[in-house]
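S.K.: Dropping the structure in here first, questions after.
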Amino acid sequence: MKALIYHGPGQKAWETKDDPTIVEPSDAIVRIDSSTICGTDLHILKGDVPEVQQGTVLGHEAVGTVVETGAAVTTLTEGDRVLVSCITSCGRCRFCKEGHYGLCTGGGGWIFGHLIDGLQAEYARVPFAETSVYKVPETLTDEQVLFLADILPTAYEVGVLNGTAKLCTPARLVAIDLADSRLERAQEFGADVTINNGREDAVAIVNELTHGLGADVAVEAVGVPETFELCTELVRPGGHVANVGVHGHPATLHLETLWIKDVTITTGLVDTFTTPRLMELIAEGRLDPTPFATHRFALGDTLEAYDTFAAAAETDALKVVLEGEQVYRGDGRLPELAAAPA
Ligand SMILES: [Zn+2]
Ligand SMILES: [Zn+2]
């Protein structure tokens with residue numbers, strides 16, 4: 001098969017690799033029909049995630065079709081369309097039994113494209129298949145469910161639920177970014193106020209909007225020290241900083257100003273316990289994640305897709321979809337492959 005292989009910081013290649021095979025009886029082999037690239041993959045390529053060994057297939061988000069199952073797999077069969085999530089669950093350890101699959105100590109957690117070969121490939125071995133994948137209803141296309149593999153449950157669990165346990169409907173949503181194009185998209189997705197902190201003073205504006213108090217919840221969604229530190233300046237006394245971003249460098253915790261403010265800071269890897277509910281919302285037409293897909297590429301053009309995704313400031317990419325030969329669109333439409341760079 002072909003796969004996107006990590007060869008150390010700054011180095012990757014689309015190469016031939018042996019097809020994956022069943023190793024444990026609880027494994028399944030999945031043909032990848034749709035995959036995507038995550039900001040985390042860019043962090044790995046910067047060398048921010050040193051656990052990733054050279055030679056590992058990257059990627060941890062996919063929709064695919066089961067082509068083979070191990071002897072212990074009874075609830076999945078060849079031909080099943082499944083969402084392969086960034087989080088794998090052994091289903092047996094203490095954390096899995098508590099629904100904290102992200103913390104799995106039985107061999108699961110975030111393993112794809114991290115500790116084992118990932119999903120930017122034509123095929124993948126999926127450990128603990130029965131307790132880790134989600135069957136996709138026929139009514140839903142690959143693209144409708146693809147972002148359930150990571151960004152939707154991550155944003156919902158690690159950002160919204162962690163940050164707003166007591167306050168689920170904020171009076172105002174403020175989006176802060178350096179790129180105007182992303183702020184425009186944030187507005188389309190529901191932001192009430194947008195701030196370009198390259199030329200505006202985010203702390204001053206948020207204070208003005210909140211009678212000098214600051215934000216109830218500041219969600220850090222980038223993964224660099226500056227944004228984390230900004231969040232701790234934006235949050236009001238008694239407020240909550242919910243860190244979502246993947247960090248590769250230390251950030252300063254300004255306890256000299258925070259100690260007196262009763263601030264709660266949470267961090268977390270997604271557990272994906274909300275994935276079934278989110279899939280239901282998509283099926284019911286209450287949630288439409290497809291506007292996140294800004295660019296589409298054939299799986300074989302993954303390198304080009306990386307360039308487009310990594311240059312988001314110029315390409316306006318949010319999520320790039322990698323389409324295998326048998327991507328399911330639900331309506332028999334022909335593939336719309338990569339929009340040519342403008
Ligand atoms: Zn991810
Ligand atoms: Zn576990």
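The values are calculated or read from the model by the stated rules, or taken from the named source; none is laboratory data. What you are looking at is a predicted structure, and each value in this text was computed from that prediction instead of being measured. Here the Cβ is made from the backbone with ideal geometry for all residues, glycine too, and neighbour counts use every protein chain on show. Surface areas here come from the heavy atoms of the whole protein model, side chains and all, with no ligands, DNA or RNA. Shrake-Rupley method; radii C 1.70, N 1.55, O 1.52, S 1.80 Å.
S.K.: What number of residues within region 77-96 satisfy the criterion of being farther than 26 Å from D33 by Cα and either exposed (fewer than 13 other Cβ atoms within 10 Å of the Cβ) or within 16 Å of ligand 1 (Cβ to nearest atom) (or both)?
M.R.: 1
S.K.: What do you reckon, is K166 modelled with pLDDT of 95 or more, farther than 22 Å from H295 by Cβ and away from ligand 1 (no atom under 16 Å from the Cβ)?
M.R.: No, not satisfied.
S.K.: Kindly list, by first and then second residue, each pair from a residue in region 25-46 that is within 30 Å of G79 (Cα to Cα) and open to solvent by less than 10 Å² (accessible area, probe 1.4 Å) to a residue that is in a helix (DSSP H, G or I) and within 16 Å of ligand 2 (Cβ to nearest atom), limited to pairs with Cβ atoms under 7 Å and residues at least 6 apart or on different chains.
M.R.: Qualifying pairs under 7 Å: D27/A129; A28/A129.
S.K.: Does region 104-123 contain at least one residue that is within 16 Å of ligand 2 (Cβ to nearest atom), outside any loop (DSSP other than H, G, I, E, B) and crowded, with 20+ Cβ neighbours inside 10 Å?
M.R.: Checking region 104-123: at least one residue is within 16 Å of ligand 2 (Cβ to nearest atom), outside any loop (DSSP other than H, G, I, E, B) and crowded, with 20+ Cβ neighbours inside 10 Å.
S.K.: Let me ask another. Considering every residue within region 50-66, establish whether at least one is within 15 Å of ligand 1 (Cβ to nearest atom), modelled with pLDDT under 95 and surrounded by fewer than 22 Cβ atoms within 10 Å (Cβ to Cβ).
M.R.: no
S.K.: State the number of residues belonging to region 242-279 that are in contact (Cβ under 8 Å) with a residue 40 or more places away in the chain, open to solvent by less than 60 Å² (accessible area, probe 1.4 Å) and of a type in the set (A, V, I, L, M, F, W, C).
M.R.: 6
S.K.: For region 137-154, indicate whether the set of residues that are open to solvent by less than 20 Å² (accessible area, probe 1.4 Å), closer than 15 Å to E78 by Cα and outside any helix (DSSP H, G or I) is non-empty.
M.R.: No, every residue in region 137-154 fails to be open to solvent by less than 20 Å² (accessible area, probe 1.4 Å), closer than 15 Å to E78 by Cα and outside any helix (DSSP H, G or I).
S.K.: Within region 176-213, work out how many residues are touching a Lys or Arg at 6+ places or on another chain (Cβ under 8 Å) and surrounded by 14 or more Cβ atoms within 10 Å (Cβ to Cβ).
M.R.: Within region 176-213, residues that are touching a Lys or Arg at 6+ places or on another chain (Cβ under 8 Å) and surrounded by 14 or more Cβ atoms within 10 Å (Cβ to Cβ) number 4.
S.K.: Keeping to region 33-85, report how many residues are outside any helix (DSSP H, G or I) and either of a type outside the set (D, E, K, R) or within 16 Å of ligand 2 (Cβ to nearest atom) (or both).
M.R.: 37
S.K.: Residue check, G47 against (1) modelled with pLDDT of 95 or more; (2) away from ligand 1 (no atom under 16 Å from the Cβ), all met but one. Which one?
M.R.: Against the list (1) modelled with pLDDT of 95 or more; (2) away from ligand 1 (no atom under 16 Å from the Cβ), G47 comes up short only on (1).
S.K.: Listed residues D142, D177; which is at pLDDT 95 or above, in contact with a helix residue (DSSP H, G or I) (Cβ under 9 Å, 6 or more places away or on another chain) and over 15 Å from T272 (Cβ atoms)?
M.R.: D177 is the lone residue from the list that is at pLDDT 95 or above, in contact with a helix residue (DSSP H, G or I) (Cβ under 9 Å, 6 or more places away or on another chain) and over 15 Å from T272 (Cβ atoms).
The rows are residues; the columns are (1) within 14 Å of ligand 1 (Cβ to nearest atom); (2) at positive phi; (3) touching a strand residue (DSSP E or B) at 6+ places or on another chain (Cβ under 9 Å).
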{"residue": "A129", "(1), (2), (3)": "no, no, yes"}
{"residue": "K135", "(1), (2), (3)": "no, no, yes"}
{"residue": "T139", "(1), (2), (3)": "no, no, no"}
{"residue": "A149", "(1), (2), (3)": "yes, no, yes"}
{"residue": "N162", "(1), (2), (3)": "no, no, yes"}
